[in-house]
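First up is the structure itself, then whatever we jot down about it.
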Amino acid sequence: MLPQFSNGKTVVEAPVLIQPGQASGVAGLALGYGRRTGSVAVDIGVNAYPLIDSSSRTPHLLAGIQISRAGRRRPIARTQMHDRMKGRDLARSLTLAEYARKGRGSRGSP
């Protein structure tokens, strides 16, 4: 999904990747990764610095940003798939009796 981030004055479109463990209602947006000059990767990425209020005591903590759908999608290159455990449990738990029976190196689920 390609949403729009707006502070009421500036609108920035940036791709979104939902991360496991991210707190509900919180978004992280990398600043300054938009390339506009040079000969490599020109017009790649998004510069989100225009969303910042530099007169604020906490310019990098933006409350009140509106996020809305832009109606487009963009593929995101990913090299790490932390959310894919290839069929394994995210966490395993054993009772003391199961641990004693299965042993210290057990990879089996209870």
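The values are calculated or read from the model by the stated rules, or taken from the named source; none is laboratory data. From a predicted model like this one, the values you see are computed outputs, not experimental measurements. Every residue, glycine among them, receives a Cβ derived from its backbone with ideal geometry; neighbour counts consider all protein chains shown.
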query: In the range 1-31, what residues are surrounded by 10 or more Cβ atoms within 10 Å (Cβ to Cβ), more than 11 Å from I67 (Cα to Cα) and in contact with a helix residue (DSSP H, G or I) (Cβ under 9 Å, 6 or more places away or on another chain)?
result: T10, L29, L31
- prompt: Here are V46, V12, V40: which of them is under 17 Å from the mean Cα position of the chain (by Cα) and assigned to a loop (DSSP other than H, G, I, E, B)?
  reply: V46
Test: R35 is touching an Asp or Glu at 6+ places or on another chain (Cβ under 7 Å), among the basic types (K, R) and at pLDDT below 80: yes
